[in-house]
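The values are calculated or read from the model by the stated rules, or taken from the named source; none is laboratory data. Remember, predicted model here, so these are calculated numbers, not experimental data. Because the Cβ atoms are built from the backbone with ideal geometry, glycine has one as well, and the counts that use them run over all protein chains shown. Note: accessible area is taken over every heavy atom of the protein model, side chains too, but ligands, DNA and RNA are not part of it. Shrake-Rupley method; radii C 1.70, N 1.55, O 1.52, S 1.80 Å.
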Amino acid sequence: MNNEKYYQQFLENNSYPRSLKSLEVIQGFSSIYLRKNGRKIINFSSSDYLGLSHHPLLIARSQQYAAKYGVGASASRLVTGNFEFYTELENNLAHALGKPAALILGTGYQTNQSVLQALLDPRILGHDPLVLCDKLSHASILAGASNATRLYRFRHNDLQHLRELLQKHAEAEQQKFILAESLYSMEGDEADLTELIKIAEEYQAFLYIDDAHGIGVYGNTGWGKAAMYAPHISVIMGTFSKALGSLGGFVACSETIKQYLVNKCRGLIYSTGLSPTVLGAISAAIELLPQLNEERQRLLQLSQRVRQFFSAENMDYGASTTHIIPWIIGDAKKTLRVSELLEQKGILATGIQPPSVPIGKSRIRFCLSSAHSDEDIERLFEACMILIKKEA
C-alpha cells in the first residue's frame, strides 16, 4: 500500500492555476540586502518594516539574555518556561496598547489560531457563537474560526454587508464575534476601525482586531492603529515578527481574558516558550519603538512615492494606502515570470498566487521598509519600467 499516493496526487494535480511552491536558500546580510546565487539583490518582500531585525540593540540584548538565561525555554510557560522578565514585557505591552493585560505566545499564526479557538469554544459559551469574519482575513484567523458552525464571511471591507448579516441574526441569543484586520497583508488597504467599533457596539459584538502589519508603523508612538481605539476593542492581536524585527505573537486584552487564555489556550499551554534570545530582542524592540518616528515618517513617504509611480505607469495597486503595495497582474504564470524578471534586475519581489489570493488576482507584493534608500527605490522604478516596456 502506498501511504503517500494522495499527497503525490495533490502535487501532480495542482488544482489551483499556479506553480507549485518551493523553498529557496537566501543569504541575508542586512535588513534589506540579500545574496542569492552569488548576486546582491534588494529585498522588497520582507515585513521588516523598520529594519529592526539587524538593529545593534536587538542583537546585543538577544546576546545578553542568552548569556544569562540560555538559548531555550525548555518547557511551556505553565511549567518552567515563564521567565522572570515576562511580567515586565507583558506589562509594557499592555500599557503601550492601552489594555489592562497582555499575553505573549510563540508566533503570530499560533496566536490567532489558538486564541480564537479558545474564545469561540461553544462549550464555554454555552452555544455556538455567531462569527463574522472579513473575507480576506489571514489564514490564521480562518484557522482559529474553522470550528465555528455559524461562520459568515462578509465581503472585504464591506461594512454594510457586515451590518446586513448582523441584522439578519439580530434576534439570536448567541454571543457575536467580529474578526477583522486593521491592515490587510495582501491588499495593503485599511479597515475602517471607527465604523467597525460602531457596529460592534450597536450589536454588542466581541471585536477582535489583528494589527500585525500596523504595529510599529502607525500611531504616535508606533503601537499601531488598534491601540488608538483600545477601550472599544475586545482583543488586539499583534506580532513581533514584522516591524518589531524578531519573532512571536501577542494579544492585549482584559485581565479576565488573559487568565482565561492561560487556562484554555492550547497554543500557550502545550507549546514550549520562546527562546530567551528572542525575548531579549523583543525587550529591545519595545524599548526602541516610541523613538522611531523619523523611520515611520520615512516609510510612509516612500510608500506614497511608490504608489504615485505605480499610478503614473498604470500599474494596478488595488486599494493600497499603506507600506504594502501590490502590483496586481492577474494571471499566476505571468506574475511568476514578472517576479523572475525583477529578480534578474536585482529586485526580490515575491509573486503571490492562489490560494493566498483569489484566482485571477495574482500579484507581486512590494513590502517597503524605512531602511530602503532612495537609490533602492529608484532601482525598483527602473526595473519596473524595463518590464513595462518589454510587455508593451
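Shape call for segment 1-79 from the C-alpha gyration tensor, a ≥ b ≥ c root eigenvalues: rounded (a/c under 1.5), prolate (a/b greater than b/c) or oblate? Oblate, since a/c reaches 1.5 and b/c is not below a/b. Counting protein heavy atoms only, segment 236-366 has 46 percent of its accessible area on carbon and sulfur, 1.4 angstrom probe.
Charged side chains reduced to their Cβ positions (Lys and Arg at +1, Asp and Glu at -1) give segment 142-290 a dipole of some 480 debye around its Cα centre.
Under the rule a/c < 1.5 gives rounded, and otherwise a/b versus b/c splits prolate from oblate, where does segment 152-270 land using the Cα gyration tensor? It comes out oblate by the Cα gyration axes.
For the chain, a crude dipole built from +1 on the beta carbon of Lys and Arg and -1 on the beta carbon of Asp and Glu, taken about the Cα centre, is about 900 debye to the nearest 20. The calculated Kirkwood hydrodynamic radius for the chain is 22.2 Å, given to one decimal from all distinct C-alpha pairs. Quick one: accessible area per residue over segment 129-184, 1.4 Å probe, rounded to a whole number of Å²? I get 43 Å² per residue for segment 129-184.
Among the chymotrypsin sites (Phe, Trp or Tyr not before Pro) within segment 265-322, those in coil by DSSP and having at most 15 neighbouring Cβ atoms inside 10 Å are Tyr270.
Computed from backbone phi, the HN-Hα couplings of segment 76-84 come to 5, 5, 7, 9, 10, x, 9, 4, 4 Hz, rounded to whole numbers (Karplus: 6.51 cos²θ - 1.76 cosθ + 1.60, θ = phi - 60°; Gly and Pro given as x).
Taking the charge dipole of segment 34-106 about its Cα centre, with +1 at Lys and Arg Cβ atoms and -1 at Asp and Glu Cβ atoms, the residue from Leu105, Ala75, Pro56 reaching farthest to the positive side is Pro56. May I ask what percent, to the nearest 5, of DSSP beta bridges between residues of segment 161-244 are antiparallel? So the antiparallel bridges amount to about 10 percent of the total.
Centre-to-centre, using Cα atoms only, segment 173-236 and segment 358-392 are separated by 29 Å.
Summarising the strand pairing of the chain, around 60 percent of its internal DSSP beta bridges are antiparallel.
In terms of its alpha-carbon gyration tensor, segment 112-152 comes out oblate; a/c meets the 1.5 threshold, while b/c is at least as large as a/b. Ligands, DNA and RNA left out, the 1.4 Å accessible surface of segment 191-234 is 47% carbon and sulfur atoms. Accessible surface for segment 199-285, divided over its residues, is 32 Å² per residue with a 1.4 Å probe. Counting only protein heavy atoms and a 1.4 Å probe, segment 1-108 has 61 square angstrom of accessible area per residue.
Over segment 73-179, with every protein chain in place, what whole percent of the accessible area is carbon and sulfur at 1.4 Å, could you tell me?
47 percent
Here segment 251-345 yields Rg over Rh of 1.15, to two decimals, using C-alpha coordinates and the Kirkwood radius. Dividing the mean sequence gap of close Cα pairs (under 8 Å, 6+ apart) by how many residues segment 189-324 holds gives a relative contact order of 23 percent. Report summary: the helix-based calculation at 222 nm, which adds -39500 (n - 2.57) for every DSSP H run with n ≥ 4 and divides by the residues of the chain, gives -12000 deg cm²/dmol. Sorting the segments 63-73, 198-208 by their residues' average number of neighbouring beta-carbon atoms within 10 angstrom, most packed first, yields 198-208, 63-73.
Mind checking the dipole of segment 104-192: about its Cα centre, +1 per Lys or Arg Cβ, -1 per Asp or Glu Cβ, Debye to the nearest 20?
Here the size comes out at about 300 debye.
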